[in-house]
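K.L.:
What follows is a structure written as structure tokens; I'll ask about it next.
What follows draws every value from the coordinates through simple rules; no lab data is involved. Being a predicted model, the structure only gives us computed values, none of them experimental. Because the Cβ atoms are built from the backbone with ideal geometry, glycine has one as well, and the counts that use them run over all protein chains shown.
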Amino acid sequence: MHRDSRVKWAFLLPAALWVLCFTIFPLVYGLRLSFFRVKIGEPDEFVGFENFVQFFQDERGLQSAAVTLIFVLSGVTVQMALGMCLALLFNRDMPLRGLLRTVLTMPLFATPIAVGFLFVTIFYEEGGLINGLLRWDVPWLSHPHWALVSVILVDIWQWTPFCFLIFLAALQGVSEDYYEAGRLETKSGWMLFRHVTFPLLQPTIVLVLLLRITEAFKVFDIPYTLTSGGPGSATQVLSMYAYRVGMRFFHFGYASSISLILFLLVLVTVSFMFKQIRQTYS
Amino acid sequence: MNSLCLRTVILCLVVVLSIAGGCGRSSGPDSEEEAGGVVEYKHVTWHDDGSLDLTTFEDGEIIGLSKEDIGTLFGPGKTPFAGQRIAVAVTSQGPKGGISGPLYRLRPAWEELTGAKLDIVEVPMADLLNKTITDLRFGGGQFDGIIQGAWFMGEYITPGFIIPIDTYVQDPRFPHWDPGWLPTPLKSIHAWGGKQYGVMNDSDGQVLYWRNDILTNTAWRSAFKEETGKDLPFPVKTWQDVTEIARFFHGKNWDENDPEPDSGVVMHFRVNEQGMFHFMSLSAAFTVLGGEKVDRGTNNYWFDPDTMEPLINQPGHIRALETLYELSQYGPRAQSSWDLGTAWDWFLRGKSIFVFSWGDVGSLVQDVSRSSIKGKIGASILPGSYDVYDMNANAWVNVDEPNVVGNTVGGSWHGVITSTSESPEAVYSLYALMATQPVSLWNVNRGWTGVDPGARIHFTPPQGSADLQGYLDAGWDESDLTFYLKAYRDNFYAKTMLPYLRINGAEEYWRALDQNLSETMIGRLEPQEALLRTAREWNTITDRRGREAQLKQYQESIGYDLLPHAPR
């Protein structure tokens, strides 16, 4: 028994060390940095909440926050809706279902950095895949509004399969008995979805929503590679702004405060949703 | 649970740590025996007269160095730095990419000559400064040397992160190179406060390239006259000339490669890349007045040297941005999202009359796998302006001859030695070997190295001492080369130069400018508003970093002479 306990801790130790080194320590150190003005070659200077106040007076910071919110709200909404539609479509017998399902999930396994670079070529305006083949003249990356649309579209392309897979798994866990009972009341597919499928899938929907929102707030790779935050600052998300402030301009204290603000934003959003869920199910 | 499980756990940990330890660094091939023992030369051939031939890695090309070039440190059987291992950080372009490629090519030979080992640590250009600064600030000691961009200097100097190399330069033991080969503007960005910090390597500056075959074509010249009622203003003297020509050619199909319309000009305005250099090099003609001194309105561009107030929103700068914006209307719409490579590719494919950019363009034109315009280009120092804003008199002046201003915008990537290095002499020997005349010329002859000409030894007679045949053997078209070398010679030896911003936070100032420029190019901001916002942001940056410290550093960097200066 005692020996089993030692072995148990031996297996847990690497994971615990990993979490300590790469999650707890950076969080604590970042929190500490956010209260200091850090200059290269000089001692750190305690400034209290000055960095946090600065953010709310920083036009670029606030703009980045707004871009991030637009990205999260529109991207996640479309991913969820599209993922659900695809899941409903695939939750039935159809030819080549297995093959099509595999193809649909492939974007999920591509690294975001590579995806960003790939879509630079796809969105290339002077004869890229879309404008060239379809003979469109869309300023995908050179117009501020279209650039944001492009970033959102790429994110949708990559993460809809995630929603699709989880919804499909949940759908396949719904007993046919519920639908049989429902068909006694109505033949309408929409009514069946609204009164049978949706209520039963609610826990899954909430889970996917939480996961996607948390990830979407942290987006970095796709706007960084696709547009570099431009044109202008049209696609500069908050995480990218924090990165630039810290790692390009060496304003480590301010960058830490931006990161913490982003963390708090996500925390508040997730906490609010959990509260709503508890209220719904209590 | 038993010892087998525990052994499995330990084995997994060992594998993971081994993989982690092997990431990121590139070490050289083994090519020698132990320190002080017999050296097996595979990339070095010694001759009886003390000269040697270096064989470059992979290409197998031979570079001959004389006894005078090589110094006294190296010799047959000598391994002066045996047992030492140095790490040099460089922008990540790969073993056959710009700036990093030459290090790979030379590494085996250097290791055989020194007995030391070289780790080439490639870092994406955008992260090179922050990675090295972070390491130096927190005492990581990971890097012995850095191939830095010239604007890094201010960040390294004040905290003492790099060391001066004057004693090494004078030391006859080391491979020979002479800072005097460089024209003053380039020499100055390798030094600080009268001390030498950098070893010559790359020389950056923007010049104007054009399609000479089109602009000298009689039919096109007649068409221009017919459409505009004026003669084609070629050779161009001013930015207004460039704009007129670009306007005429934009939207017409004048290249034979495809049926699509072409552009008058192409630029790269992708934000957080290098778009701001276009503005800097163009605006110099409207803003920088030359003279024998340095003060607010003479040989100055960035800040008031008495108060550190930004000058970026002066009327000259605003007029320049208006000119740049107008010029951009005659380029592809997508250029506001294009990076350097994409814009160059447009020109190399023959889709644009003009581009103004670095020496890499001239080299890449010679690469027929990428270029359809070899033998068709012209090049010159950037055009000037008849109207220049005098920041001393606070008034426009109209000059008789266009105010033509040279520039050193860009990185001019060169080697510096970190203060944490335990092998500074070994690092210097590497840089010095690369800076010797034969090796430097070898790099400059080959465009893929990213090493552009700037030193006297790179230009052909009568301006310099380089052998034309070396360039021709490397694949240059003679007509292109003639234009190219003259353009760069004129640029780096111009009477008036755009001062280089090298102070603490240079990148932050540039990024603020870059974002506002990008907003202007997409029509979101008027030029005046963009530069006003830039000036405000610059003031915030200056105050945060310490106005007095910034002012002092700025004065040092531009060689500000406090007395006398023109009254404002």
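K.L.:
According to a simple spin-label model (label point 7 Å from Cα along Cα-to-Cβ), what is the distance in nm between A:Val103 and A:His145?
P.N.:
Spacing of the two 7 Å Cα→Cβ label points: 3.4 nm.
K.L.:
Could I ask something else about it? Just to confirm my numbers, what's the Cα centroid distance between region B:112-136 and region B:430-464 in Å?
P.N.:
Value for the Cα centre distance between the two parts: 22 Å.
K.L.:
Based on the alpha-carbon gyration tensor of chain B, what equivalent-ellipsoid semi-axes (square roots of 5 times the eigenvalues) come out, in whole Å, largest first?
P.N.:
Output for chain B: semi-axes of 41, 29, 25 Å.
K.L.:
For B:Lys117, what residues show an amide H to amide H distance below 5 Å, using hydrogens built from the backbone and excluding near sequence neighbours?
P.N.:
B:Gln84, B:Arg85, B:Ile86
K.L.:
Which whole-Hz couplings ³J(HN,Hα) result when phi for each residue of region A:15-29 is put into the Karplus expression 6.51 cos²θ - 1.76 cosθ + 1.60, θ = phi - 60°, listed in order with x for Gly and Pro?
P.N.:
Karplus values, whole Hz, x for Gly and Pro: 5, 5, 5, 4, 4, 4, 6, 9, 10, 5, 4, x, 5, 5, 5.
K.L.:
Excluding B:Arg173 itself, what net charge comes from residues whose Cβ is under 14 Å from its Cβ, given Lys and Arg +1 and Asp and Glu -1?
P.N.:
-2
K.L.:
Let me spell out the model: positive unit charges on the Cβ of Lys and Arg, negative unit charges on the Cβ of Asp and Glu, origin at the Cα centre of region B:165-227. What dipole size does that give, in debye rounded to 20?
P.N.:
Roughly 80 debye, rounded to the nearest 20.
K.L.:
For helix A:198-217, report the angle its Cα long axis makes with the longest principal axis of the Cα atoms of chain A; keep it between 0 and 90° and round to the nearest 10°.
P.N.:
30 degrees
K.L.:
Right, something else. Would you mind computing, in nm to one decimal, how far apart the modelled labels at B:Glu40 and B:Arg85 are, each placed 7 Å from Cα along Cα→Cβ?
P.N.:
So the two model labels end up 2.0 nm from each other.
K.L.:
Give the cross-link partners of B:Lys552 among the lysines, using a straight C-alpha distance below 18 Å as the criterion and excluding same-chain residues fewer than 8 apart.
P.N.:
Leaving aside lysines fewer than 8 places away in the same chain, those within reach of B:Lys552 are A:Lys39, B:Lys195, B:Lys293.
K.L.:
Divide the volume of the convex hull of the Cα atoms of the protein assembly as shown by its number of residues and quote the answer in cubic angstrom per residue.
P.N.:
Given the Cα convex hull of the protein assembly as shown, per-residue volume reads 224 Å³.
K.L.:
I've got another one for you. Quick one: if the Förster radius is 60 Å, what FRET efficiency do B:Glu227 and B:Arg536 give, using the C-beta to C-beta distance and rounding to 0.05?
P.N.:
The calculated FRET efficiency here is 0.90.
K.L.:
Still on this structure, I have one more. With chain A treated as a Gaussian network of Cα nodes joined by springs under 10 Å, which of A:Ala114, A:Ala181, A:Ala16 yields the largest mean-square fluctuation?
P.N.:
A:Ala16
K.L.:
Let me ask something else about it. Could you pull the Rg and Dmax for region B:96-155, using just the Cα atoms, both in Å?
P.N.:
Calculated on Cα positions, Rg and Dmax stand at 13.0, 35 Å.
K.L.:
While we're here: Could you calculate, for region B:156-214, the ratio of the Cα radius of gyration to the Kirkwood radius, expressed as Rg to Rh?
P.N.:
Radius of gyration over Kirkwood radius for region B:156-214 works out to 1.16.
K.L.:
Continuing with this model, one more query. Taking only the alpha-carbon atoms of region A:63-184, what semi-axes of the equivalent ellipsoid follow from 5 times the gyration tensor eigenvalues under a square root, in whole Å, largest first?
P.N.:
33, 18, 13
K.L.:
By how many degrees, 0 to 90 and rounded to 10, does the Cα axis of helix A:252-281 deviate from the longest principal axis of chain A?
P.N.:
Helix A:252-281 sits roughly 30 degrees off the main axis of chain A.
K.L.:
When the helix-only estimate is applied to chain A (DSSP H runs of n ≥ 4, each -39,500 (n - 2.57), divided by the residue count), what is the mean residue ellipticity at 222 nm, nearest 500 deg cm²/dmol?
P.N.:
The helix-only estimate for chain A comes to -22500 deg cm²/dmol at 222 nm.
K.L.:
If you don't mind, another one. Which residues does a label at B:Glu526 reach in region B:308-332, if reach means a backbone N under 20 Å from a point 7 Å past the Cα toward the Cβ?
P.N.:
Counting backbone N atoms under 20 Å from the label point, the list is B:312-329.
K.L.:
Let me ask something additional. Defining a contact as two alpha carbons under 8 Å apart and six or more residues distant in sequence, what relative contact order in percent does chain B show?
P.N.:
RCO, chain B: 20 percent.
K.L.:
Just the Cα atoms of region B:443-512: what Rg and Dmax do they give in Å?
P.N.:
15.3, 45
K.L.:
Angle between the Cα long axis of helix B:478-492 and the longest principal axis of chain B, 0 to 90 degrees, nearest 10?
P.N.:
The angle comes out near 90 degrees.
K.L.:
Quick check: the distance between the Cα centres of region A:1-60 and region A:98-171, to the nearest angstrom?
P.N.:
34 Å
K.L.:
Treat each spin label as a single point 7 Å out from the Cα along the C-beta direction, and report the A:Glu42 to A:Leu129 distance in nm.
P.N.:
Distance between label points: 5.0 nm.
K.L.:
A 32 angstrom limit on the alpha carbon distance is what I want to check against. Which of B:Lys230/B:Lys374; B:Lys96/B:Lys187; B:Lys117/B:Lys374; B:Lys96/B:Lys495; B:Lys131/B:Lys351; B:Lys237/B:Lys351 exceed it?
P.N.:
Cα-Cα > 32 Å for B:Lys117/B:Lys374; B:Lys96/B:Lys495; B:Lys131/B:Lys351; rest within.
K.L.:
While we're on this one: Would you work out which of B:Phe74, B:Val365, B:Tyr325 lies farthest towards the positive end of the dipole of chain B, given +1 charges on the beta-carbon of Lys and Arg and -1 on that of Asp and Glu, about the Cα centre?
P.N.:
The Cα lying farthest towards the positive end belongs to B:Tyr325.
K.L.:
Let me ask another. Please identify which residues in region A:153-178 have an amide N closer than 17 Å to a label point set 7 Å out from the Cα of A:Trp136, following the Cα→Cβ vector.
P.N.:
A:153-158
K.L.:
Net charge around B:Gln314, counting only other residues with Cβ within less than 11 Å of its Cβ (Lys, Arg = +1; Asp, Glu = -1)?
P.N.:
-1
K.L.:
Using the charge dipole of chain B (Lys, Arg: +1 at Cβ; Asp, Glu: -1 at Cβ; taken about the Cα centre), state which of B:Ala426, B:Val288, B:Asn504 has its Cα farthest towards the positive end.
P.N.:
B:Asn504
K.L.:
I've got another one for you. When the Debye formula is applied to the Cα atoms of region B:234-359, each taken as the same point scatterer, what base-10 log of I(q)/I(0) results at q = 0.12, 0.16 Å⁻¹?
P.N.:
Taken in order of the listed q values, log10 I(q)/I(0) reads -0.51, -0.82.
K.L.:
About its Cα centre, what dipole magnitude does the protein assembly as shown give when the only charges are +1 on Lys and Arg Cβ and -1 on Asp and Glu Cβ, stated in debye to the nearest 20?
P.N.:
2900 debye
K.L.:
Treating the beta-carbon of each Lys and Arg as +1 and of each Asp and Glu as -1, no other charges, what is the dipole magnitude of region A:62-281 about its Cα centre, to the nearest 20 debye?
P.N.:
Result for region A:62-281 is approximately 320 debye, rounded to the nearest 20.
K.L.:
Apply the Kirkwood formula to region A:62-281: the hydrodynamic radius equals the inverse of the mean of 1/r over all pairs of different alpha-carbon atoms; give it in Å with one decimal.
P.N.:
19.4 Å
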